[in-house]
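Let me begin by presenting the structure, written as structure tokens, before commenting on it.
The values are calculated or read from the model by the stated rules, or taken from the named source; none is laboratory data. Being a predicted model, the structure only gives us computed values, none of them experimental. Cβ sites come from the backbone with ideal geometry, for glycine too, and all protein chains shown count toward neighbours.
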Amino acid sequence: MTSRAAFADGVRDVAGLVPGVTVFGLSFGALVRARGIDPIAGAASSLIVGAGAGQTAAVEVFAVGGAVAIAVLSALIVNARFALYSAALAPMFGRFTPAWRWGLAYFVADQTVGLYVRGQERWKTPALQQYYMLGVTLPMRTGWAGGTVAGILLGPVVPGAWQVGFIVPLMFIALAIPGIRGLPELVAAVTGVVAVASLKDLPLGLNIVTAALLGMTAGLLVHRRTSDDRPSRRSATEPTADTADSA
């Protein structure tokens, strides 16, 4: 087992996800162009930031003249899930050298977290795990950044009304689908998408913040409801003492 083999394994595993993230980048690039954001700044954000939902939120706020504080707040709320990713990956990353630890953490994305865990199971030493994760990371960031540049260049081809009206909801859908694991996530995703489209006329790009909060709240309520129901359903199917004795 060599570092080259681990890297190639990561590239193979992520290959199926790269087209999707590239299309996501195309949508973001078209949004940058439609909102009148400086193309260089928009392209640079995909290289420097690399967080599609947070970038989208910031673009929406800046496009309507919102304050920097609101843009930052929007991005923080939308990307709050990365705190959970960090907690899940901390034990694994703690065995890496500082350069690898900070470098790979900088490139963590929704789609790569599951692959990172898979790589830990397949490649047993930290040195090989690092190269596997690098193989996952580089194609993803290249697809995202390349898609953004292409979207900026092709933006004028798409009618502006289509871009403004549909790109943000579509991007929310693209972000939400990979994270759907059950009913709470599905409810959160649907609520967020409907809210961001319905509240598009809110000033200062607040539809992004509001949609994120509504989605998280709806998902949390459903999670609590389903969690409360499980014990009662389980107890209803368990045999009583009398039934057990008679058996």
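Quick test for you: out of VAL61, VAL113, VAL108, pick the one residue that is of a type in the set (A, V, I, L, M) and in contact with a Gly (Cβ under 6 Å, 6 or more places away or on another chain). Going through VAL61, VAL113, VAL108 in turn, the sole match is VAL61. Considering only residues in the range 50-100 that are among the β-branched types (Val, Ile, Thr) and assigned to a loop (DSSP other than H, G, I, E, B), the one that is farthest from the chain's Cα centre (by Cα) turns out to be THR97. Of the listed requirements (1) crowded, with 20+ Cβ neighbours inside 10 Å; (2) touching a Phe, Trp or Tyr at 6+ places or on another chain (Cβ under 9 Å), ASP13 misses just one: (1).
For the range 60-75, does any single residue satisfy the condition of being within 23 Å of THR137 (Cβ to Cβ) and touching a helix residue (DSSP H, G or I) at 6+ places or on another chain (Cβ under 6 Å)? Yes, there is a match, as at least one residue in the range 60-75 is within 23 Å of THR137 (Cβ to Cβ) and touching a helix residue (DSSP H, G or I) at 6+ places or on another chain (Cβ under 6 Å).
Okay, residues lined up against (1) farther than 29 Å from MET216 by Cα; (2) modelled with pLDDT of 80 or more; (3) touching a Phe, Trp or Tyr at 6+ places or on another chain (Cβ under 9 Å):
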residue	(1), (2), (3)
ALA57	no, yes, no
VAL78	no, no, no
ALA87	no, yes, no
ALA90	no, yes, no
ASP110	no, no, yes
TYR116	no, yes, yes
GLN130	yes, yes, yes
THR137	no, yes, yes
VAL157	yes, no, no
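Just one of ALA58, ALA109, ALA90 is crowded, with 18+ Cβ neighbours inside 10 Å and free of Cβ contacts under 8 Å to residues at least 24 places away in the same chain; which is it? The unique qualifying residue is ALA58.
Restricting to the range 1-49, and then to whatever is among the hydrophobic types (A, V, I, L, M, F, W, C) and part of a loop (DSSP other than H, G, I, E, B), can you tell me which residue is farthest from the chain's Cα centre (by Cα)? It comes out as MET1. When TYR116 is tested against the conditions (1) closer than 19 Å to GLY20 by Cβ; (2) surrounded by fewer than 18 Cβ atoms within 10 Å (Cβ to Cβ), the lone failure is (2). ALA53 falls short of the stated requirement of being surrounded by fewer than 21 Cβ atoms within 10 Å (Cβ to Cβ) and aliphatic (A, V, I, L, M).
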